[in-house]
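What follows is a set of notes on a single structure, which appears directly below.
What follows is calculated from the coordinates using simple rules that are stated; it is not laboratory data. This one's a predicted model, so the numbers in the text were calculated from it and none came from an experiment. Using ideal geometry, Cβ is built from the backbone for each residue, glycine included, and neighbour counts are taken over all protein chains shown.
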Amino acid sequence: MEVAVVGAGIVGACTAWALARQGVEVTLYERKQPMGETSRASSKLLHGGLRYLETGQFRLVGKALHARTDWLELAPHLCHRLEMLLPMYRDKGRSQLTISAGIRIYDVLAMGSGFPRARVLKPSEVLALQPGLSADGLVGAWAFFDAQMDDYALGNWVVEQFRQLGGELVTDFEVRDLAVLDGFDRIVNATGPWAMQLRETMPGKPSYTLDWVRGSHIVLDRVCPAAMLLEVPGSSRIFFVLPYKGRTLIGTTEVRQSGPNNPGPSEDEIRYLLDAHNHYLAPAAMRCDVVEAFAGVRPLLRSADNPSEATREWAFERTGNVLHIYGGKWTTAKLQGDEAANRILQ
Ligand SMILES: Cc1cc2nc3c(=O)[nH]c(=O)nc-3n(C[C@H](O)[C@H](O)[C@H](O)COP(=O)(O)OP(=O)(O)OC[C@H]3O[C@@H](n4cnc5c(N)ncnc54)[C@H](O)[C@@H]3O)c2cc1C
């Protein structure tokens, strides 16, 4: 059987790799270069996603917590465990009870993944780990583990595994219409944010709709002593302040778009992230301290009015010999690719 996979983001790469492991002849088509779009613009976290517990996504969080371990075992040179601090402030944001309940559930769902359990830190312990953090009203923090990756390098490592199994990668090749791949027995549409556009080249109404939600990050050229998850002041949104390659990575935003193309981060998003950072951390960062800013477009399954609450699950649609993949997240992309491979071979 010959299969064409369109899109060399992490989902297409994992699907192509899974098919190649099953002995299938696969050609992976990429419009630009592998990992050139959303898959290199992530928060670089291999995580369960603590905040998804609030929207009841227990099954997904459980799968993702265990998927972290798979990546750490597969490519320990490109990802590592990361301790995250979740500071708690008196009379601010979510209650200590809510946060503690979430952390406990996270721990239970992670059981068997090999990650250490979360622990509570006193204010003095938190400030020892993150001296720049505002101490005003600080009552302590939860410290729990997730993992961090180099998304671009890890994604390209997956592509390399695929190629070592004899898979063919064709870059700088845009599949404008699925009909051009007629010679293949089966086709996978793994074009992430662009999946709807390619789906529309086939007859019939798509079974799913995508929600395009841009997320931006900024990078400060300063060392970040501890990874943190914090609440955006005046909102229930969560943002990250992370150490990354000797610098500080801050993200992210959620801006709904009417299409898949990535316009890059707006000045408003950069300001929003700087304000959120400066609310908690000293010294304050100015616009001129931002050495890099980047954005990616999340291909989310449309499931909620508020993009923060939209599911990070994935879905498949089969039309003739084509399998379309919608949604998902980086951490669970290998599971998604394995499932896609099994479905396309059925
Ligand atoms: C700001 C942000 C932060 C995130 N943080 C995390 C995180 O920390 N952890 C996590 O688990 N997930 C995270 N995610 C989610 C994760 O990054 C995405 O779910 C994932 O990268 C999507 O991968 P993909 O392969 O579907 O899409 P993409 O990476 O966009 O890949 C699609 C590919 O298809 C190609 N393509 C499109 N059309 C065509 C065509 N017609 N012909 C040929 N090629 C085509 C594109 O060029 C692209 O390379 C984040 C997402 C965003 C936006």
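Using the Cβ of G114 as centre and a radius below 12 Å, the other residues enclosed give a net charge of +1, where K and R count +1 and D and E count -1. The stretch 229-283 and the stretch 34-98 have Cα centres lying 16 Å from one another. With kT/(6 pi eta Rh) evaluated at 10 °C and eta = 1.306 mPa s, and Rh the Kirkwood radius from Cα pairs, the stretch 257-346 diffuses with a coefficient of 97 µm²/s according to Stokes-Einstein. When DSSP beta bridges are restricted to pairs lying wholly in the chain, around 75% turn out antiparallel.
For the stretch 201-245, trypsin sites (Lys or Arg not before Pro) meeting the loop criterion (DSSP other than H, G, I, E, B) and having at most 11 other Cβ atoms within 10 Å: K245. Summed over all non-identical Cα pairs, the Kirkwood treatment of the stretch 210-275 gives a radius of 12.7 Å. D275 sits among other residues whose Cβ lies under 15 Å from its own Cβ, and their net charge, with Lys and Arg +1 and Asp and Glu -1, is -2.
Its residues counted as N, the stretch 177-303 yields a C-alpha radius of gyration over 2.2 N^0.38 Å of 1.35. Highest mean first, the peptides 13-20, 186-193, 160-167, 43-50 sorted by other C-beta atoms within 10 Å per residue fall in the order 13-20, 186-193, 43-50, 160-167. A Förster radius of 35 Å, combined with the Cβ-Cβ distance separating D275 from H80, puts the computed FRET efficiency at roughly 0.70. Between the helical axis of 58-74 and the longest alpha-carbon principal axis of the chain there is an angle of about 80 degrees. Taking Cα atoms only, the orientation of helix 10-21 departs from the longest principal axis of the chain by about 50 degrees. For the chain, the dipole from Cβ point charges (+1 on Lys and Arg, -1 on Asp and Glu) about the Cα centre works out to 780 debye, to the nearest 20. Counting 0.36 nm for each residue step from R287 to V139 and taking away their Cα separation leaves a gain of 50.2 nm. Counting Lys and Arg as +1 and Asp and Glu as -1 over every other residue whose Cβ lies under 10 Å from the Cβ of M1, the net charge comes to -2.
Pick from L74, L53, L249 the residue whose mean-square fluctuation is largest in a GNM of the chain, springs joining Cα atoms under 10 Å. Comparing L74, L53, L249 in the GNM, the peak value goes to L74.
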